[in-house]
Amino acid sequence: MKRSRPTRVAIVGGGCAAMAAAFELTHPRQRGRFAVTVYQLGWRLGGKGASGRGIANRIEEHGLHLWMGYYENAFRLMRECYAELGRDPRRCPIADWTQAFSPAHGNAVADRTPGGDWLPWLIDFSATPGQPGDRVDQYRAWTVRDYLIRTAGLARTLFRVIQLRTTGSTDETSSEEDDLKPPAIGAIMTRILRYGELLGFQAIVE
């Protein structure tokens, strides 16, 4: 049987979604069904997630540099990319996907208060079994109870941070300059107190 010519596909833009589409369309499982051409304005791929090396050979970026562990499809794609590259670890400092990502259970974002100060929200994500991008059928699927306990646990962490701020407690990561003024604390507490029932709900569910 004569094989038909591959379908020609044009992808406009070289952002993350475009690269994911190009990777899937040219995957060996497609058996050469598609001939893909990516059209990108400029020489750098990646779109809002693009990165490069600065004058100090340090990676500089303007996109998302934090990947949550539940980005299963994104991690699966990255793992497949690195496996297909087959880089020599003796010659390349980032030969495997595990060298491209550093696990971090703690995270923080900053919120501007009505008084003009910055309030850091500190969250601790406890580790779960396996690695990001593993086949989901390898592990027990989460139940509604699991999700509720997880959500309430995050809320408890949030309130612990607020408590540290309001009581004036300090640690290695805080300073006297970071302490918020009482009016700002009151405004923040007013905004989040509506979620307070989650703490009691966690105890009920457990």
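Once you list every other residue whose beta carbon is under 14 Å from the beta carbon of M78, what net charge do they have if Lys and Arg are +1 and Asp and Glu are -1?
On the way: positive: R76, R79, R87; negative: E24, E72, E80, E84, D96, D134.
Residues near M78 contribute -3 overall.
Debye-formula intensities of segment 1-131, expressed as log10 I(q)/I(0) at q = 0.16 Å⁻¹, are -1.09 (one equal scatterer per alpha-carbon, no solvent). Spin-label model, L148 to H105: label points 7 Å out along the Cα-to-beta-carbon direction sit 2.5 nm apart. The orientation-averaged projected area of the convex hull spanned by the Cα atoms of segment 26-77 comes to 5.6 nm².
Based on protein heavy atoms only, segment 1-146 ends up with 78 Å² per residue of surface accessible to a 1.4 Å probe.
For A50, what charge total do you get from the other residues with a beta carbon under 13 Å from its beta carbon, if Lys and Arg give +1 and Asp and Glu give -1?
On the way: positive: R44, K48, R53; negative: E60, E61.
That works out to +1.
With R₀ set to 35 Å, the beta-carbon distance separating E24 from R58 gives a calculated FRET efficiency near 0.65. Global size of segment 100-163: 15.5, 49 Å for Rg and Dmax (C-alpha atoms, Rg to one decimal, Dmax whole). Applying 1/(1 + (r/R0)^6) with R0 = 22 Å to the Cβ-Cβ distance of S4 and Q138, what FRET efficiency is obtained, to the nearest 0.05? The calculated FRET efficiency here is 0.05. Within the shell defined by Cβ-Cβ distances under 13 Å, the residues around Q131 carry a net charge of 0, with Lys and Arg each +1 and Asp and Glu each -1.
Which three numbers, in whole Å and largest first, are the semi-axes of the equivalent ellipsoid of segment 47-117 derived from its Cα gyration tensor as √(5λ)? Mind dumping the intermediate values first?
Working: eigenvalues 172, 60, 27 Å².
Semi-axes, largest first: 29, 17, 12 Å.
The values are calculated or read from the model by the stated rules, or taken from the named source; none is laboratory data. Keep in mind that what you see is a predicted model, and the values were worked out from it rather than measured. Heads up, the Cβs are rebuilt from the backbone with ideal geometry, glycines too, and the neighbour counts pull from every protein chain shown. Surface accessibility is based on the protein's heavy atoms, side chains included, excluding ligands, DNA and RNA. Shrake-Rupley method; radii C 1.70, N 1.55, O 1.52, S 1.80 Å.
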